[in-house]
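The structure appears right after this line, and notes come after that.
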Amino acid sequence: MFELPSLTYGYDSLKGFVGAELMGFHHDKHHQTYVDKLNAVIELNPELKNRSVEDLLAHINELPESAQTGISNHGGGHYNHSLFWQSISPNGGGQPTGDLLNLIINKHGSYQNFVDEFTSKALAVFGSGWVWLQPNGDIITTANQDTPIAQGLDAPLLCLDVWEHAYYLDYKNKRDDYVRAWWNVVDWENAANRYQAFLGK
Ligand SMILES: [Fe+2]
């Protein structure tokens, strides 16, 4: 059975980004619901037991047709949120360093250009979705709970949730303020570790 991952920080520790009530709802209600509904899909398809969510999503088209939508929505919701919690930290913010900074500069010209491009893509997502930094430096977006690994892409380094449930309680309709504040909590260390793993270092 899939389980809601514990956070390594408190709900009240990201106050410059989002408050404790929003964090609590987002993690303990929204993410938990994806986990519960994913488990319900697995219960109906016991042959899928003991496979990781990454494995299920990466082979979504090979799964029983009746399970594909449920795995895509709820497995995607579980995978995406699990990475999102790792993408932020009370000790986050600042800029990446080393190989990851080089990747970003090579692809986007400068760190500030990268921030501007990522931000404008986050604001351009129509409705619910996600913004991702891929290990080739691309910034991509997905709708709903779609996830890059289900599209045959490599595991992302970093993601930003732009569903309204991620910000509405604190920011109402101001997604731009939410995205601006996100840069103050981005966990570049985690993204760098994922990049090193991608590089095989
Ligand atoms: Fe979310």
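Select from region 81-102 the residues that are within 16 Å of the chain's Cα centre (by Cα) and part of a loop (DSSP other than H, G, I, E, B) and write down the one among them that is nearest to ASP146 (Cα to Cα).
SER89
Out of (1) touching a helix residue (DSSP H, G or I) at 6+ places or on another chain (Cβ under 9 Å); (2) modelled with pLDDT of 95 or more; (3) surrounded by fewer than 18 Cβ atoms within 10 Å (Cβ to Cβ), what's the single condition that is false for LEU153?
(1)
Kindly indicate which of LEU63, LEU44, LEU4, LEU103 is surrounded by 18 or more Cβ atoms within 10 Å (Cβ to Cβ) and either outside the structural domain of VAL185 (by TED's automatic domain parsing) or without any contact (Cβ under 8 Å) to a residue 60 or more places away in the chain (or both).
Sole residue among the options that is surrounded by 18 or more Cβ atoms within 10 Å (Cβ to Cβ) and either outside the structural domain of VAL185 (by TED's automatic domain parsing) or without any contact (Cβ under 8 Å) to a residue 60 or more places away in the chain (or both): LEU63.
Show the residue pairs meeting these rules: Cβ distance below 7 Å; 6+ apart or different chains; first residue within region 177-190 and at pLDDT 95 or above; second residue of a type in the set (Val, Ile, Thr).
VAL179/THR119; TRP183/VAL115; VAL185/ILE88; VAL186/ILE88; ASP187/ILE88
Which of (1) over 20 Å from GLN86 (Cβ atoms); (2) surrounded by 13 or more Cβ atoms within 10 Å (Cβ to Cβ) is the odd one out, the single condition ASN193 does not satisfy?
(1)
Restricting to region 66-78, count the residues that are away from the ligand (no atom under 12 Å from the Cβ) and surrounded by 15 or more Cβ atoms within 10 Å (Cβ to Cβ).
Residues flagged as away from the ligand (no atom under 12 Å from the Cβ) and surrounded by 15 or more Cβ atoms within 10 Å (Cβ to Cβ) within region 66-78 amount to 8.
Quick check on region 1-53: of everything there that is under 16 Å from TYR79 (Cβ atoms) and aromatic (Phe, Trp, Tyr), which residue is nearest to the chain's Cα centre (by Cα)?
Here the residue is TYR34.
Looking at region 54-63, is at least one residue under 15 Å from the mean Cα position of the chain (by Cα) and of a type in the set (Val, Ile, Thr)?
Of region 54-63, the ones under 15 Å from the mean Cα position of the chain (by Cα) are 54, 57.
Then keep just the ones that are of a type in the set (Val, Ile, Thr); that gives none.
The answer is no, given that none of the residues of region 54-63 is under 15 Å from the mean Cα position of the chain (by Cα) and of a type in the set (Val, Ile, Thr).
Each row is one residue, and each column tells you yes or no for (1) closer than 19 Å to TYR167 by Cβ; (2) more than 16 Å from the ligand (Cβ to nearest atom); (3) basic (Lys, Arg).
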| position | (1), (2), (3) |
| --- | --- |
| LEU14 | yes, no, no |
| VAL35 | no, no, no |
| LEU38 | no, no, no |
| LEU48 | no, yes, no |
| SER87 | yes, no, no |
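Looking at ALA150, ALA155 in this structure, which one is of a type in the set (A, V, I, L, M, F, W, C), out of contact with any strand residue (DSSP E or B) (no Cβ under 6 Å at 6 or more places or on another chain) and either assigned to a loop (DSSP other than H, G, I, E, B) or without any contact (Cβ under 8 Å) to a residue 12 or more places away in the chain (or both)?
Result: ALA155 is the single residue among ALA150, ALA155 that is of a type in the set (A, V, I, L, M, F, W, C), out of contact with any strand residue (DSSP E or B) (no Cβ under 6 Å at 6 or more places or on another chain) and either assigned to a loop (DSSP other than H, G, I, E, B) or without any contact (Cβ under 8 Å) to a residue 12 or more places away in the chain (or both).
Any residue in region 8-28 that is more than 11 Å from ILE88 (Cβ to Cβ) and touching a residue at least 40 places away in the same chain (Cβ under 8 Å) sitting within a Cβ distance under 7 Å of a residue that is within 14 Å of the ligand (Cβ to nearest atom) and among the acidic types (Asp, Glu)? List the pairs, counting only those 6 or more apart or interchain.
Short answer, once both residue conditions are applied: GLY19/ASP170; LEU22/ASP170.
Could you check, for region 162-171, whether at least one of its residues is surrounded by 15 or more Cβ atoms within 10 Å (Cβ to Cβ), away from the ligand (no atom under 16 Å from the Cβ), in contact (Cβ under 8 Å) with a residue 24 or more places away in the chain and in a helix (DSSP H, G or I)?
No; the residues of region 162-171 include none that is surrounded by 15 or more Cβ atoms within 10 Å (Cβ to Cβ), away from the ligand (no atom under 16 Å from the Cβ), in contact (Cβ under 8 Å) with a residue 24 or more places away in the chain and in a helix (DSSP H, G or I).
The values are calculated or read from the model by the stated rules, or taken from the named source; none is laboratory data. Treat the numbers as computed from the prediction; the structure is a model and nothing was measured. So basically every Cβ, Gly included, is an ideal-geometry build from the backbone, and we count neighbours across all protein chains shown.
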